[in-house]
4 protein chains.
Amino acid sequence: MFIAMKPHATQAEFEAVVDKIRALGLTPHPITGTERKVVAVIGPTTGLDPDDLFGTMTGVAEALRVSQPFKLVSREVKEEDTVIDVGGVPLGGKAIAIMAGPCSVESRDQILEAAHAVKKAGATFLRGGAFKPRTSPYEFQGLREEGLKLLAEAREQTGLRVVTEVKDTETLPMVADYADVLQIGARNMQNYSLLEKVGAIDKPILLKRGLSATIREWLMAAEYIVSKGNFKVALCERGIRTFETMTRNTLDINAVPVLKSLTHLPVVVDPSHGIGLRPHVPAIARAAIAAGADGLIIEVHPHPEKALSDGHQSLTPAEFEELMKQARVIAGAIGRPILAR
Amino acid sequence: MFIAMKPHATQAEFEAVVDKIRALGLTPHPITGTERKVVAVIGPTTGLDPDDLFGTMTGVAEALRVSQPFKLVSREVKEEDTVIDVGGVPLGGKAIAIMAGPCSVESRDQILEAAHAVKKAGATFLRGGAFKPRTSPYEFQGLREEGLKLLAEAREQTGLRVVTEVKDTETLPMVADYADVLQIGARNMQNYSLLEKVGAIDKPILLKRGLSATIREWLMAAEYIVSKGNFKVALCERGIRTFETMTRNTLDINAVPVLKSLTHLPVVVDPSHGIGLRPHVPAIARAAIAAGADGLIIEVHPHPEKALSDGHQSLTPAEFEELMKQARVIAGAIGRPILAR
Amino acid sequence: MFIAMKPHATQAEFEAVVDKIRALGLTPHPITGTERKVVAVIGPTTGLDPDDLFGTMTGVAEALRVSQPFKLVSREVKEEDTVIDVGGVPLGGKAIAIMAGPCSVESRDQILEAAHAVKKAGATFLRGGAFKPRTSPYEFQGLREEGLKLLAEAREQTGLRVVTEVKDTETLPMVADYADVLQIGARNMQNYSLLEKVGAIDKPILLKRGLSATIREWLMAAEYIVSKGNFKVALCERGIRTFETMTRNTLDINAVPVLKSLTHLPVVVDPSHGIGLRPHVPAIARAAIAAGADGLIIEVHPHPEKALSDGHQSLTPAEFEELMKQARVIAGAIGRPILAR
Amino acid sequence: MFIAMKPHATQAEFEAVVDKIRALGLTPHPITGTERKVVAVIGPTTGLDPDDLFGTMTGVAEALRVSQPFKLVSREVKEEDTVIDVGGVPLGGKAIAIMAGPCSVESRDQILEAAHAVKKAGATFLRGGAFKPRTSPYEFQGLREEGLKLLAEAREQTGLRVVTEVKDTETLPMVADYADVLQIGARNMQNYSLLEKVGAIDKPILLKRGLSATIREWLMAAEYIVSKGNFKVALCERGIRTFETMTRNTLDINAVPVLKSLTHLPVVVDPSHGIGLRPHVPAIARAAIAAGADGLIIEVHPHPEKALSDGHQSLTPAEFEELMKQARVIAGAIGRPILAR
């Protein structure tokens, strides 16, 4: 259930609504960032009539039931696109954000070289993993805090915003200290303890889709975060698991328009993991923009052939520059700019 | 194995190669439409050394093994894009072909209204099913020959080329009499008897991907057709089956660049079946063009709410006109025109 | 909709019902082999009230709507298990039928050796492909009529009933001349022209599940056959396509109890294609019986290492004998015999 | 790489091997519970020749490379089945363990009634969730510590061993205090931080398969646990995600024999989540035993119609008693007892 206030409703009228929600034993969730004030109501609302209860209160424009199981992230409750403020850089909204960098931070030279290269080509966010969840316990697991420090240094030199993965609640405070955007990886999409913890801090989150997560489950995972108070969530499509073996995953382009209609959260696409084949990353990047994505996250490595992980899907700086040109052209064709600083 | 002749090789030099192939108990498949003459060699070639056998013959440029199990459809054997001549209209090549029309031919009024509408909006091909394979034996199965006659009448009035499904070998001669392009449906992708029969006639084929076909199996199905002599084959991505239930199928956008690198055949995308949700068809159509598709096939119905099949995914003529505008813009952005007559 | 007659209803009462169905513009399908006479009603029955129309006619026990989209194959319409008479040998019912033999008929020696071996071990049906639909046009496609003749000779020598695949409508009359049971392969599960043709002849059909067919679609495919008059249909689970790559397919054991509750048709399981790994075929065969399968179809080759197809999943005669012992024990444990002659 | 000692090798000979491994900068993992002493060698062994390095040391029987990416859990390294000692009750080995109980602990009455019922029917383990990871943040999340206390009380009254899910590292110490076996849920299968933490404690683990995890990934997840020193790991197949919608998941029966050949760890099957339909749970339970499972975990609720979660797939105590009878018969047929106390 949610209640939308009239444009000029007073604070007192608004508080009366909130008080009534609490009096019913339910939880009010004020939704910020919308033109009109809206309150989502969470709890056992079955059998209650929104209009009866709230419709006649002064200052209330309308009181309606939310039909979807995801509430706070739904467009029903908030029509306008969410624009996340990442230290002054917008994620979401008209301009398309480009995130780029290596799969893993491997060394000072590597990350600084990558950062300067993607900055020069026009990226505004630097990606790079310091904590790497790997299928095998015997593989390279990342530089950990050392990697975070290098990312921070790269930010200082370039002004890029840093996107990096947080893999557990233990290292969350440390990662949050260094990162501008916290990435939740595909394997952690339903790690509810982690979702609740990142929901309780004030930091933008990039929530990757699980390998076999339905769109509904993915939005429910976002709802976990938002229900704890953190509305700064962007969704990242990174390919699902199917029977096809020629591509690493099957990037689900269909998710882009479906999400844009169901939720107000920004939608980012990861062509690098999605198709997993370097020569085809630009084609998928173009498709993502054409389909309506609000951002791209692209693996770029100064020397892909020497990468400790994902080298086969990482672009060289020169290839990324070429991709950026194509991205600008496609974005222009649909009337959107690529975010520039 | 395949043998490429030098640019100015003589007919006699070429025939000497063909004779030698036959003398080895193998089958020569000359590949037409390439700048240089090429012969694919089919049969038990394991253990034979292409260079030893053919490399020193006069007029031979190179003799190589084909690494892929699909041979004649592979880019290894023929580098240039195949352009299919559909009665003077090219399918494949630089210009992007647009096919549009209703799922089923339902009546004279319906198909003529649809044909004129899609023609006006800029399509060059008219789609429409006269024989409809349906999941249930109790559902509408199409107008059959009556439907084919109506398609022919629509062609006469509009000049559009007619794409229609052939569902079995029994009705193949009849459908081939009326159609310009024969569509093989997803459920028939591995109906090898049908593939062999359409491989033996001189008619362009639009081969849809099976619901759970890998890209390799799909190319092998195309190879069935081509190995019988019909090189006029286009591939149509129409969505695969995954666990996602919010969309009808999962249109596999990744297949577009992968196919374009593996095969010389044109690649068409069907956003209507692919996502199966009318509001999202244009986004997927834009993505398909951006990813490199050579054509689109779109369901358009004058009155989708009255359609006997697939109404929920059919565009109105007005929606299709808007989609065409967007398609032109995206095509322009990647330097390709939409095919016009 | 279906109408069940009272146990002692007269032929005249029954015919009155059939006449009334026809008078309504609908099609009556009498269901045979049940204790009570039942007529399924096919056609546009929406809006009609079964009880109003037929409930008060003399001799009618009940008139009800069928809730499932599959009608004639549904347990709602016919409660008793269908037992198919294969020239005196029952397929379906209490005794579990064992079908065994090579993937392809390769030579007289091979098929006769296989037939005698599986007969000796206790099989009652001989499987063997004479027409082999293969992914590649360049692979062995079967011995064709020569293969059928060898199967007939093996039947003569052993008394085994012959199960062999029919791959298209062209060769259907020839295959039907030799075979006792016509197998429809997975790739042809939705080849509706073929289904309609085998529905119009009086020959038992073994309908394999398509690689990505839902249970509902599979039952609808069976309905295609039965709606043309041939009620002698058995279903064969042979594995579905998933993301798992360690096994050839994913044998869907869940389909067995689900089918047994939804349909009266016999359910056969094919562990050989299902898991595709020789050492694990017996485990899956045991599981299939324990789950309630009415039959097994097993690939057995006198010399699997020399097989032209599927050698890696074919058992040797000795391994098959051991599997039969295990099958008898599991069947005994659930109170069912293995069918013996 | 792994090194197997001769049966009568001395402790000094064994230590010489361990020292040499360390001297090479590698990590020795002694494998316990085998007839012969074995040491797995973890680290960058590429380029090293096991036989050269260790083959001639006294007391060494053989030194070989492990071909699989999972090492310590592989049958190559340890041939004998692992039998986990759960407070005197064996999990793994010849006798089949039965775990049963409600999805969630809901109340004292409910869990005690369930515990006594499943004990009476012959179970040796009690399942019940105190921490429930739920798709929606607004659903019942479990009784938490209160639930754990009730499970402990049920154990005291019945002697059953308690299996319960641990959902994060924060609550791990608390759950480990009460539980006999810690279940890692499907969504946490690749929560590597949690895997590493449970790998560092001395408590049996039941590792469920992720919804779209390959068998290889699942074994790698087990390797994470074992590589930290905890060899008491059992694997639990609980269904994978496919396109089929009639069943909740697709229980992958094929995983049972494949796992039994690849790993020495016990394999448990969860028919309740696997098929998700109460009437069909017994058929899948029988199939699991017939296929070689070492245990079953079954949802049983005193009043399924009132269950707060999973009621549609929970058996009544009477149904469970009937299932146990069937389980005993099938187990007997393959020469294995049901574990009894």
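The values are calculated or read from the model by the stated rules, or taken from the named source; none is laboratory data. Remember, it's a predicted structure, so these values are computed and weren't measured experimentally. With ideal geometry, Cβ positions are generated from the backbone for all residues, glycine too; neighbour counts draw on all protein chains shown. Side chains are part of the model used for accessible areas, which takes the heavy atoms of the whole protein and leaves out ligands, DNA and RNA. Shrake-Rupley method; radii C 1.70, N 1.55, O 1.52, S 1.80 Å.
Count, please, the residues in the range C:141-156 that happen to be within 23 Å of C:VAL118 (Cβ to Cβ) and either modelled with pLDDT under 95 or open to solvent by less than 30 Å² (accessible area, probe 1.4 Å) (or both).
Residues in the range C:141-156 being within 23 Å of C:VAL118 (Cβ to Cβ) and either modelled with pLDDT under 95 or open to solvent by less than 30 Å² (accessible area, probe 1.4 Å) (or both): 7 in total.
Got a sec? Which strands (runs of 3 or more DSSP E) wholly within the range A:33-92 have at least 3 residues that are open to solvent by 40 Å² or more (accessible area, probe 1.4 Å)?
Passing ranges, in order: A:60-64.
Here are the criteria: (1) within 18 Å of A:ALA318 (Cβ to Cβ); (2) over 23 Å from the mean Cα position of the chain (by Cα). Tell me which single one A:ILE98 does not satisfy.
If we test A:ILE98 against (1) within 18 Å of A:ALA318 (Cβ to Cβ); (2) over 23 Å from the mean Cα position of the chain (by Cα), just (2) comes out false.
Just the residues that are open to solvent by 10 Å² or more (accessible area, probe 1.4 Å), within 11 Å of chain C (Cβ to nearest Cβ) and not polar (S, T, N, Q), please, taken from the range B:157-171.
B:LYS167, B:ASP168, B:GLU170
How many residues are in contact (Cβ under 8 Å) with a residue 60 or more places away in the chain and either touching a Ser or Thr at 6+ places or on another chain (Cβ under 9 Å) or assigned to a loop (DSSP other than H, G, I, E, B) (or both) when one looks only at the range C:21-32?
The number of residues fulfilling the criteria is 2.
What are the residues in the range C:208-246 that are open to solvent by 10 Å² or more (accessible area, probe 1.4 Å), without any contact (Cβ under 8 Å) to a residue 40 or more places away in the chain and away from chain B (no Cβ under 11 Å), if any?
C:GLY229, C:GLU244, C:THR245, C:MET246
With hydroxyl-bearing (Ser, Thr, Tyr), open to solvent by 10 Å² or more (accessible area, probe 1.4 Å) and within 14 Å of another protein chain (Cβ to nearest Cβ) as the only criterion, which of B:TYR178, B:TYR138 stands out?
B:TYR138 is the lone residue from the list that is hydroxyl-bearing (Ser, Thr, Tyr), open to solvent by 10 Å² or more (accessible area, probe 1.4 Å) and within 14 Å of another protein chain (Cβ to nearest Cβ).
Suppose the filter is out of contact with any strand residue (DSSP E or B) (no Cβ under 6 Å at 6 or more places or on another chain), more than 14 Å from chain C (Cβ to nearest Cβ) and within 25 Å of B:LYS203 (Cα to Cα); does B:GLU13 pass it?
no
Inspect the range A:266-274 for any residue being within 19 Å of the chain's Cα centre (by Cα), open to solvent by 10 Å² or more (accessible area, probe 1.4 Å) and closer than 30 Å to A:SER74 by Cβ and give the result as yes or no.
Among the residues of the range A:266-274, at least one is within 19 Å of the chain's Cα centre (by Cα), open to solvent by 10 Å² or more (accessible area, probe 1.4 Å) and closer than 30 Å to A:SER74 by Cβ, which makes the answer yes.
Please verify whether the range A:311-330 includes one or more residues that are over 30 Å from B:GLY210 (Cα atoms), within 9 Å of another protein chain (Cβ to nearest Cβ) and open to solvent by less than 40 Å² (accessible area, probe 1.4 Å).
The answer is yes; a qualifying residue exists.
If B:ASP19 passes every condition in (1) at pLDDT below 90; (2) surrounded by fewer than 14 Cβ atoms within 10 Å (Cβ to Cβ) but one, which one does it miss?
(1)
Mind telling me which of the residues A:VAL38, A:VAL83 ends up being over 14 Å from A:ALA4 (Cα atoms) and either basic (Lys, Arg) or within 28 Å of the chain's Cα centre (by Cα) (or both)?
None of the others qualify; the one that does is A:VAL83.
Scan (1) modelled with pLDDT of 95 or more; (2) open to solvent by 10 Å² or more (accessible area, probe 1.4 Å); (3) within 9 Å of chain D (Cβ to nearest Cβ) for the single condition A:MET189 breaks and write down its number.
(2) is the only condition that A:MET189 fails.
Any chance you could count how many residues in the range B:113-135 are more than 14 Å from chain C (Cβ to nearest Cβ) and open to solvent by less than 40 Å² (accessible area, probe 1.4 Å)?
Matching residues across the range B:113-135 total 13.
State yes or no: is B:ILE184 closer than 20 Å to B:SER309 by Cα, hydrophobic (A, V, I, L, M, F, W, C) and at pLDDT 95 or above?
Considered against the rule, which asks whether it is closer than 20 Å to B:SER309 by Cα, hydrophobic (A, V, I, L, M, F, W, C) and at pLDDT 95 or above, B:ILE184 comes out as yes.
Within the range A:101-148, can you find the residues that are part of a loop (DSSP other than H, G, I, E, B), small (Gly, Ala, Ser) and under 20 Å from A:LYS325 (Cβ atoms)?
Residues satisfying the conditions are A:GLY122, A:ALA123.
Output the residues belonging to the range C:287-310 that are of a type in the set (D, E, K, R) and either part of a loop (DSSP other than H, G, I, E, B) or within 14 Å of chain D (Cβ to nearest Cβ) (or both).
Answer for the range C:287-310, where residues must be of a type in the set (D, E, K, R) and either part of a loop (DSSP other than H, G, I, E, B) or within 14 Å of chain D (Cβ to nearest Cβ) (or both): C:ASP294, C:ASP310.
Which of the residues spanning the range C:250-265 are crowded, with 24+ Cβ neighbours inside 10 Å, more than 7 Å from chain D (Cβ to nearest Cβ) and aliphatic (A, V, I, L, M)?
Passing the criteria: C:ALA255, C:LEU259, C:LEU265.
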